[in-house]
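What follows is a set of notes on a single structure, which appears directly below.
We did not get these values from a lab; they are worked out from the coordinates using the rules stated. This is a predicted model, so every value here is computed, not measured.
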Amino acid sequence: MLARPIPISAVVLVVTAGAIPAHASHGDGQHMQMTGQMAEGLMMPEMNAERGRRLFAAKGCIVCHSVNGIGGEHAPILDASTMDEMMNPFEFAARMWRGAAAMVELQEEELGGQIELNGQELADIIAFVHDSREQAMFSQHDIPKSIEVMMHHRAEEDHHDEGEEDHHN
C-alpha cells in the first residue's frame, strides 16, 4: 500500500469550504485566522507519510521518540492517536522549536551530533507522525542497523545506570 501524500489543495479545499471556523482557538487561548491563501512566493511541500516513516528511523528520531511502542523513552511519544485531530504543520514545527535546546543536547549525546533536516524531510516526518495507517506499518525492520546499534547501546547504559543507583541506595 502506498502512502497518500497530503496535497495542499485538499487543505485549501477544507479551509475555504467552511469546515473549519474562520477563527480557530489556539492552545494558549490565542485565536488565529484560518485561510486557504498563501502569501505570494510561498508554497507548501507535499507531505508524504511513507517517506516520513523511513526518515523518522533513518534520521535517528526513533532513538529518543517512540511510535506505537517502538523507540526511545527520553522524549515525548509521537503516536498519531495522541496528536491533535487537525494540526497546522507550522504549529508542530513551533513545538519542536520550543524544545530545540533539549533536543539538540539529546541528539549530540545519543547520536554524536545534531540531526539535519531540510523542509521537505520535516514535512514528511510531520505527515508520518499524524498518519495512524502509516504508523501501523512501522516496525523494527524500519530501523537502520546503525541506529539500532545506538538504541541498544543506550539501553545498556540506562540499565547500567539503574544498577548503580540501586547499588548506592
List the residues, sorted by chain then number, that are 5 or more residues from residue 47 or on another chain and whose placed amide H is less than 5 Å from its amide H. 6
In order through segment 138-151: 3J(HN,Hα) via Karplus (6.51 cos²θ - 1.76 cosθ + 1.60), integer Hz, x for Gly, Pro: 6, 8, 4, 5, 6, 8, x, 3, 4, 6, 4, 4, 4, 5
Under Karplus coefficients 6.51, -1.76 and 1.60, residue-wise ³J(HN,Hα) of segment 92-108 in Hz, glycine/proline x: 4, 5, 5, 5, 4, 4, 4, x, 4, 4, 5, 4, 4, 4, 5, 4, 5
Ordered by residue, what ³J(HN,Hα) values in Hz, to whole numbers, does segment 113-130 give under the Karplus form 6.51 cos²θ - 1.76 cosθ + 1.60, where θ = phi - 60° and Gly and Pro are x? x, 6, 5, 9, 10, 8, x, 5, 5, 4, 4, 5, 5, 4, 4, 4, 5, 9
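What number, in nm² with one decimal, is the all-direction average of the projected area of the convex hull of the alpha-carbon atoms of segment 46-168?
Numbers: hull surface 32.3 nm².
Averaging across all directions leaves 8.1 nm² for the Cα convex hull.
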